[in-house]
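Structure first, commentary second.
The values are calculated or read from the model by the stated rules, or taken from the named source; none is laboratory data. Model, not experiment: these values are computed from the prediction. In this analysis, Cβ positions are derived from the backbone assuming ideal geometry, glycine residues included, and neighbour counts consider all displayed protein chains.
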Amino acid sequence: METKLSTIKRIMAASLVATTFVGCGKETVDNTPASEDSITLDWYINYSWFNTGWGSSVVSRAITENTGVNINFITPQGNEEEKLNALIESGSLPDLITLGWWEPQVNEMIQKDMVHAINQLADEYDPYFYQVCDKQAVSWYTQSDGNIYGYPCSSVTPQDVESNDNIGSNQTFLVRKDIYEAIGSPDMTTIVGFERAVRKAKQMFPEVDGKPLIPIGAHLFDDSGNVSFDQYLQNFLAVPYEKDGKLYDRNTDPEYIEWLKMFRQLNEEGYLATDIFIDQRIQMEEKLAEGRYFCMLYQYTDMAAQQKLLYSRDPNSIYIAVDGPKNKNGDDPVLPTNTVSGWTVTMISKNCKNPDRAIQFMDYLISEEGQKLVYLGVEGITYEMVDGKPVIKPEVLSLLNSDRVTYDKIYGADDAYWMLQDNVMQLKWRPENTSPTTQLEEWTYDYASYTGQYDVILPADTEDAYVDSQIKALWAQTLQELLISESEEEFDEILERYKEERNALGYEQLQEKRYQYVAKAKEKLGID
């Protein structure tokens, strides 16, 4: 019996034949990989935390069997930006590169002609791309020269958000369940309620398993700020992105400033631990796995593995999502979904000696068959079909919910290889969710909103991009200074100095230019 994979390969070959007849002038190429013609592609992932291997898991072996491609992952050991810049400067980019869509190196690699146009590779080697790609994502990423150089993962359109009631946000306000319930499950939506809850948690639980409780957790501080204390807090307070046809200055919104002053006060009283200002991701993950934070504005997807470890030890020690900071009107939070930009983009380097195999490999992964494999795994090994629906095998689900690292090594499904994942496509195979992170995700459904029109990336190596980076660096420094200021008067002085220095850098002019990009994005997305 012909398998679905065989059918796909036959269609791919047929597509190439058809291309010849419509005048592309290309020889027909049989892109079905022969078993003896396996290759290895080097794939750079621009995240130091990524440590999933290739070759031992069920999914990676199945992908290699189906495509003839092995993968050698390369990740930075230290600073991601320094590693990627070194690869670019030395001209030694690996075959595939995955990085955040917002990173300036994306435009840099395009402008320096270091990456292939994916559509041109598709035209030459594999027109199947046009059957399996997300048309709106391709349109969004098409450059002014008519080419697309990077393909996104986790791309979501405004239409996807409107037509699905189970697309959420990864931004949550989390509290440790047992501590929160022990202090009476307080209302933490107001400044007064938040302060009281934090103080009470620290007083009743000064230690967790012999180690100091960290009352308030946060993402790491970087060269543009701290998303927990700026973007996420602003989103929970429903601070608008624009007002009266102009971009709104979210960083100086009065209610947002009131909440920052509350955090300043808590720091003065010793409730903002030094840890949150200096810890990097690995230290944060260790402390999450120990359940040492009481509350935090945090991406739940970034602590899923630690949540499962906590659950395996004590289900009451996990984190739960609850109503967090709100504005004085009590408005619901506006929590961004993924956008049409997605999370990362994957590019094919011009150093790649097998660009034909690279585009075929990419096309397989973004196809329905590839997505089903990456998400569910291999039928009969990781899941069974019951009444037409996939059901994860009990022993597989148990391992997934208790030890993600071992699960990835053995099975490698559930988007362990997330670099080209299509979360919207995967919704149709989604089994009934019983994970320790289920409540965290489902809590966001009612508040998820599309805000991708405001994601503006200025062209690299331009004056605007330079000014933008200077203003972000100024905010990063200012935010820390505000939180650790010794008095409210000092806080106000720091904030005023920030406004003055920002304006001197050209903030108002930059905002006007950024809004031009927003207007174009709205038009492109069909948003009023």
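Quick rundown of the values:
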{"item": "Residue within segment 455-473 that is of a type outside the set (K, R), within 26 Å of Q307 (Cβ to Cβ), surrounded by 14 or more Cβ atoms within 10 Å (Cβ to Cβ) and touching a residue at least 24 places away in the same chain (Cβ under 8 Å) present", "result": "no"}
{"item": "Filtered residues of segment 38-67 (kept if closer than 25 Å to M303 by Cα, aliphatic (A, V, I, L, M) and part of a helix (DSSP H, G or I))", "result": "V58, V59"}
{"item": "P240 vs. criteria under 24 Å from G184 (Cβ atoms), not hydroxyl-bearing (S, T, Y) and not in a helix (DSSP H, G or I)", "result": "no"}
{"item": "Any hit, segment 374-394, residues being within 19 Å of the chain's Cα centre (by Cα) and either surrounded by fewer than 22 Cβ atoms within 10 Å (Cβ to Cβ) or under 28 Å from A448 (Cβ atoms) (or both)", "result": "yes"}
{"item": "Residue that is farthest from D249 (Cα to Cα) [pool: residues in segment 430-482 that are part of a helix (DSSP H, G or I) and of a type in the set (S, T, Y)]", "result": "T438"}
{"item": "Any hit, segment 434-452, residues being over 30 Å from A305 (Cα atoms) and in contact (Cβ under 8 Å) with a residue 60 or more places away in the chain", "result": "no"}
{"item": "Conditions (1) among the charged types (D, E, K, R); (2) surrounded by fewer than 16 Cβ atoms within 10 Å (Cβ to Cβ); (3) under 29 Å from I276 (Cβ atoms); number of the one not met by E441", "result": "(2)"}
{"item": "Pick from segment 200-221, criterion of a type in the set (A, V, I, L, M, F, W, C) and under 13 Å from I179 (Cβ atoms), ranking: surrounded by the most Cβ atoms within 10 Å (Cβ to Cβ)", "result": "I214"}
{"item": "Residue that is nearest to the chain's Cα centre (by Cα), among those in segment 266-284 that are over 20 Å from G225 (Cβ atoms) and modelled with pLDDT of 95 or more", "result": "Y271"}
{"item": "Tally, over segment 188-199, of residues that are of a type outside the set (S, T, N, Q) and surrounded by 17 or more Cβ atoms within 10 Å (Cβ to Cβ)", "result": "6"}
{"item": "Subset of segment 280-326 [in contact (Cβ under 8 Å) with a residue 60 or more places away in the chain, part of a helix (DSSP H, G or I) and among the polar types (S, T, N, Q)]", "result": "T301, Q307, S312, N316, S317"}
{"item": "Residue match in segment 252-271 (condition: touching a strand residue (DSSP E or B) at 6+ places or on another chain (Cβ under 6 Å) and buried (at least 18 other Cβ atoms within 10 Å of the Cβ))", "result": "yes"}
{"item": "Residues that are part of a helix (DSSP H, G or I) and of a type in the set (D, E, K, R), drawn from segment 79-125", "result": "E80, E81, E82, K83, E89, E108, D123, E124"}
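Condition check ((1) surrounded by fewer than 24 Cβ atoms within 10 Å (Cβ to Cβ); (2) closer than 22 Å to D446 by Cα; (3) out of contact with any strand residue (DSSP E or B) (no Cβ under 9 Å at 6 or more places or on another chain)) across all residues:
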{"position": "D332", "(1), (2), (3)": "yes, yes, yes"}
{"position": "R357", "(1), (2), (3)": "yes, no, no"}
{"position": "S367", "(1), (2), (3)": "yes, no, yes"}
{"position": "K372", "(1), (2), (3)": "yes, no, no"}
